[in-house]
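Have a look at the structure below, then the notes.
The values are calculated or read from the model by the stated rules, or taken from the named source; none is laboratory data. Not measured: the values here are computed from a predicted model. Every residue, glycine among them, receives a Cβ derived from its backbone with ideal geometry; neighbour counts consider all protein chains shown. Heads up: the accessible areas ignore ligands, DNA and RNA and are worked out on the full protein's heavy atoms, side chains in. Shrake-Rupley method; radii C 1.70, N 1.55, O 1.52, S 1.80 Å.
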Amino acid sequence: MEFEPVIGLEIHAQLLTDAKIFCGCSSKFGAAPNTHTCPVCLGMPGVLPVLNRKVVEFMMKMALATHCVINRECNFARKNYFYPDLPKGYQISQYAHPPAEHGWVEVELDGGKKRIGITRIHMEEDAGKLMHDEHNPASYVDLNRTGVPLIEIVSEPDIRSAEEAAAYLRCLHEILVYLEICDGNMEEGSFRCDANVSLRQRGTEPFGIRAELKNMNSFRNVQRALEYEIKRQQYVLEGGGQVVQETRLWDDTAGVTHSMRSKEEAHDYRYFPDPDLVPVVIDNAWIEEIRKEQPELPLEKRERFMREYQIPAYDAGVLTATPATASFYEATVASFPTINPKAAKAASNWITGDLMKMLNEDKKDFTASPIPPRAIAELIQIIDDGTISGKMAKDVVEEMYKSGKPPGEIVKEKGLVQITDEGALTKTVAGILEKNPEQVAQYRAGKEKVFGFFIGQVMKATGGKANPQLINDLLKKMLAGDR
Amino acid sequence: MELYSLTIHELLDKLRTGETSSVEITASVFGRIDAVEKDVRAYITLMRETALAEAARADLAIRKDGIGALTGIPIALKDICCTNGVRTTCGSRILQNFIPPYDATVVERLRAAGAVFTGKTNMDEFAMGSSTETSFFGATRNPWDLTRIPGGSSGGSAAAVAAGECIAALGSDTGGSIRQPAALCGVVGMKPTYGRVSRFGLVAFASSLDQIGPFTKDVEDCAILMNVIAGYDPRESTSVPEEVPDYRRFLARGIEGWTVGIPKEYFIAGIDPEVEAAVRQTIRVVEGAGAKCIEVSLPHTEYCLAVYYIVAPAEACSNLARYDGVKYGFRSEEGRDLMEMYKKTRAAGFGAEVKRRIMIGTYALSSGYYDAYYKKASQVRALIKRDFDLAFAKCDVILTPTTPTPAFRIGEKTDDPMQMYLSDIFTISTNLAGIPGISVPCGFTAAGLPVGVQFLAGHFQEGRLIQFASAYEKQAHIEKRRPTL
Amino acid sequence: MEKIKISQDEVTHVAHLARLEFGEEEKEKFTSQLNDILRYMDKLGEVDTTGVEPMTHAIVQKNAFRMDVVGESLPPDLSLANAPESRGGCFQVPKVIE
């Protein structure tokens, strides 16, 4: 029997607002425990929530980017359960009337593109953090994270493999980062993913019994956990067994999922409309206001880059991976007097090559690049006009990165101008040939490998400033000349 | 006349002319407290020292800047209003030692108006009760008869005003908790429109029903306090950004030509004959003042109690989930793991009535019962609200008894929750509909127990209620009796 | 005999959801009182509510917002001042047994 996985993902994205969703505390990560707390987010008696307007706008941005219908009216509900990281004993979330529904995204797969449906997007508050004491029978609660705004994005069960799940996840991640509404940091928990997985007989309609996977805190883990879980369920079913509906935790070190002991009662969250919050009504004018602010999304940008700059798909992909990279590239290209495919490709090579490598080493992104885009354009121009060689440029770009100086200045300071004077170079080459009769003889005897030796010698003699093409031509001519 | 027995407006006049000082008034009130508190037990926490300091500051302020809306007037706060640095218990063991690091908005407003705080008054635990007997700190007694309850849940505030242990007080009203004790203690009590007075810092019982309001000795004082506490608060999402009129302007306007609705469903079997007689008398009084009384119908009245005892507990079970022994308040030391800690803390921290309502609410929201209970009740609530809309199309105000009986005896109903709930039968609909209501004294029973009459109006018509109540008060000539303590 | 609306077992279950516990005698009394109360609620069944929108707020309102501006948080000692137990700036609770 052949099984087909049916996967749906639930993604929680922390929003990049300055303040929390229902109070004025900072939503920044990493503060000392309980220093970003106030009576409201501590759930003290008598205090009341007031919704941060920006949370609604960020939700709308994601809804528009994923082709959702934005409902005119939505409301908040209380999800009731007890846990020490939940100070009110309920989480303010949205239930019966979500703000956005019926969307989709297109993900890029090896075999082409696939549309994956978005069931709904809603707003809610994050819970705090619970830490366990290894030595004492105690746990500790830090409520800084309580009330940090989240959007939950629920996909349709349209995903059919771990690879598709990873592609979908990357796609949503990229959109969130592009919209500048989430920093996408999976390790710090600002982008989290749970998965519902079941198997069904291929070609049949009904879904199998599903397991919910949690605790997958990287793209790689999501894929590994899903691969494992699909195999596990397949094994259970093939053995004539039944999949149990339960929550399973991914164990990264062991590479397995295991059941959260089913001591937990069937959850009864007793959702009901939160009487402390009023409905959010979103009219068309507000939607249009947000739509106007929407940036170009990654997929659109990728296609435009390929079209406008005539760069390969791979380059366009790397360049549009983050908004910062893409705008750096566009600023570079815009610094050329005229845009031509050759310069556009050269810019891509420098940006995705040397510069990206140096930034990655320093853990910086392109907004923090010490080299401004116009300096990259200048660099490409002085290579193009023969002022310096490509090889020299490698050193120049490193120096640009270190000092922040423009390439022209570095070239001048270091006297790096390329020697293109044929007469002068002919003399140098002749001198070298004269000094190394042995190698000349070898070359002429057919040992062409020594050619490299001569190039090295010329470069050494000229301090690396000789035009490589010219050296090449001269050497070939002069070594061959007397034969 | 002792200073403690005067009204706010009388005292403000004396302060203005320099005839007395806030320190003298405050000393008079605390003298009275010393004399009668042992019998009445109206307070959970007294704030004597800070009150005297505030009074001294008020006297300075009067000399320097003149008199504000409440400068130097001793006011008591129901112990459900959070007070920065002063413990706020809500009548519960679970908050026995809770000291809020913030003031309720109403407390800020009173402070800004120059009020002196006498202390925090007793109440049914988490405002769940109609007799002030469910308080962890013991029952308050009715100043008119110490063997009887003062009503509830704001019984401490009502008793304190009636006994002269403060000049006026704040209470909260979720199903009648201001109006019912006001009636049973012979004082004026108003529940404003939902959203008119900020709930920020009011410990929540049922969020869609709770509202803070004043207890005063007369209608003019009610207008004075409403002027201070009413108004929009950006810290509350359900606060209404509607302009607040000067309520004192409504005091002397008269009610010539007004139409008064008498809902037939409120004059039913089970109502005490003396109460009914007193309320019938008010109808004659307002007619004498030029109003016309007509019969109106509020057909869903008989369902109000059932709706209320689903909606309020449902909201309450969620509101009270925060009392878990983690962040503040009582924690049982017996729990060995988290689950045990939760259960033992809440089992020991809450009293029986609170647990009963948490159980009803949890059940009404639980899987499989939500539609039959919570949803059904919320639908019937909409019909109750519609009844009022239709009635107010025909009349300016509605007149009803505040309570079906005068104050009952301490312990009389504690073992029968349904009987206790029935004592709120005339006040609950107001909260469900979100409209304002006021209870005004309308006479005494032969045994000398006060009786109250309730006036209701449409949303944000507090001015109309004050106008009507003031006209009634002037015409009624209710005997100026005081409890003998 | 009057109809049983809620059994003792259900009372135990609901108590667990609400994180409450009762002694045997107390549970019996509660069960009987809750049955009285729930039977009273049956009245609502008489009302035709077809097509009636549930009323969850006393006043019809919409769109109450705060701006995305960071205000003051509590000083940490005040956040923890009322805590039954705290350590290292955190609230301390008995170990959570998963």
Checking the range B:415-485 for GluC sites (Glu not before Pro) in a loop per DSSP with at most 15 other beta-carbon atoms within 10 Å yields B:GLU479
Where B meets C: accessible area buried, both sides, 1.4 Å probe, Å²
5200 Å²
Which shape class, rounded, prolate or oblate, goes with the range B:3-252 when its Cα gyration tensor gives a ≥ b ≥ c as root eigenvalues, a/c under 1.5 marks rounded, and past that a/b bigger than b/c marks prolate?
rounded
Shielding by partners for A:86-98, please: the mean number of other protein chain Cβ atoms within 10 Å of each residue's Cβ.
3
Expressed in angstrom and rounded, the centroid-to-centroid distance over alpha carbons for the range A:305-375 and the range A:92-139 is 32 Å
Can you give me the three principal axis dimensions of the range A:1-143 from its C-alpha atoms, in Å, biggest first?
51, 43, 27
In order over the range B:117-126: 3J(HN,Hα) from phi, Karplus 6.51/-1.76/1.60, θ = phi - 60°, whole Hz, x for each Gly or Pro, gives 8, 7, x, 10, 8, 6, 6, 4, 3, 6
Per chain B, sqrt(5λ) over the Cα gyration tensor eigenvalues, sorted largest first, in Å, gives 31, 29, 21
Between the Cα axis of helix C:24-41 and the main Cα principal axis of chain C, the angle (0 to 90°, nearest 10) is 70 degrees
For the range B:3-252: relative contact order, % (alpha-carbon pairs under 8 angstrom, 6 or more apart):
18 percent
Which is the longest run of chain A containing none of the GluC sites (Glu not before Pro) found in DSSP loop states (not H, G, I, E, B) with at most 10 other C-beta atoms within 10 Å?
A:266-483
List the equivalent ellipsoid semi-axes of chain C in whole Å, largest first, each obtained as the square root of 5λ for an eigenvalue λ of the Cα gyration tensor.
40, 30, 10
Can you list which of the trypsin sites (Lys or Arg not before Pro) found in the range B:168-212 are DSSP loop residues with at most 13 other C-beta atoms within 10 Å?
none
What accessible area, in Å² to the nearest ten, does a 1.4 Å probe give for B:ILE435?
10 Å²
Note the angle between two axes, namely the Cα long axis of helix A:298-308 and the longest principal axis of the Cα atoms of chain A, as a number of degrees from 0 to 90, rounded to the nearest 10.
30 degrees
Interchain or long-range residues, amide H under 5 Å from A:ILE159's placed H:
A:ILE7
For chain A, whose charge dipole is built from +1 on Lys and Arg Cβ atoms and -1 on Asp and Glu Cβ atoms, the candidate among A:LEU130, A:PHE336, A:SER155 with its Cα farthest towards the positive end is A:PHE336
Any idea of the accessible area per residue across the range B:3-252, 1.4 Å probe, to the nearest Å²?
26 Å²
Using amide H atoms built in the peptide plane, which far-off residues or other-chain residues are under 5 Å from C:PHE91 H to H?
A:VAL141
Karplus-derived 3J(HN,Hα), 6.51/-1.76/1.60, for each residue of the range A:220-225, Hz, glycine and proline x
5, 5, 4, 5, 5, 5
Return a whole-number percent for the relative contact order of chain B, with Cα pairs under 8 Å and 6 or more residues apart as the contact set.
17 percent
Two-decimal log10 I(q)/I(0) for the range A:3-286, as the Debye equation yields it once each C-alpha is a single scatterer, q = 0.11 Å⁻¹:
-0.68
From the helices alone, meaning DSSP H stretches of at least four residues, give me the mean residue ellipticity at 222 nm for chain A, per-run term -39500 (n - 2.57), in deg cm²/dmol to the nearest 500.
-12000 deg cm²/dmol
At 0.890 mPa s and 25 °C, plugging the Kirkwood radius over alpha-carbon pairs of the range A:422-479 into Stokes-Einstein gives what diffusion coefficient in µm²/s?
219 µm²/s
For the range B:414-485, give the magnitude of the charge dipole about the Cα centre (Cβ charges: +1 Lys/Arg, -1 Asp/Glu; no others), in debye to the nearest 20.
420 debye
Output the 0 to 90 degree angle, nearest 10, between the alpha-carbon long axis of helix A:162-178 and the longest principal axis computed from the alpha carbons of chain A.
80 degrees
Assigning unit charges at the beta carbon (Lys, Arg +1; Asp, Glu -1) and nothing else, what dipole magnitude in debye, to the nearest 20, does chain A show about its Cα centre?
1440 debye
Of C:MET55, B:MET123, which has the most accessible area and how do the rest follow, probe 1.4 Å?
C:MET55, B:MET123
Please state the charge dipole magnitude for the protein assembly as shown, taken about the Cα centre, from unit charges on C-beta atoms (+1 on K and R, -1 on D and E), reported in debye and rounded to the nearest 20.
1360 debye
Scoring chain A by relative contact order with C-alpha pairs under 8 Å, at least six apart, yields a percentage of 13 percent
Here FRET efficiency (C-beta to C-beta, A:ARG291 to B:ALA446, R₀ 56 Å, nearest 0.05) is 0.15
Per-residue average of other protein chain Cβ atoms inside 10 Å, peptide B:102-113 -> 1
At 37 °C and 0.692 mPa s, what whole-number value in µm²/s does Stokes-Einstein give for the translational diffusion of the range B:240-301, with Rh from the Kirkwood sum over Cα pairs?
233 µm²/s
Of all DSSP beta bridges in chain A, what percent run antiparallel (nearest 5)?
90 percent
Cα Rg, Dmax (largest Cα-Cα span) when computed across chain A, Å
30.2, 100
Per principal axis, largest first, the Cα atoms of the protein assembly as shown extend in Å by 141, 80, 59
From DSSP H assignment alone, runs of 4+ in chain B each adding -39500 (n - 2.57), the sum over residues rounded to the nearest 500 puts [θ] at 222 nm at -12000 deg cm²/dmol
Counting only residues 5 or more places away or on other chains, whose amide H sits under 5 Å from the amide H of A:LEU15 once H atoms are built in the peptide plane?
A:LEU150, A:ILE151
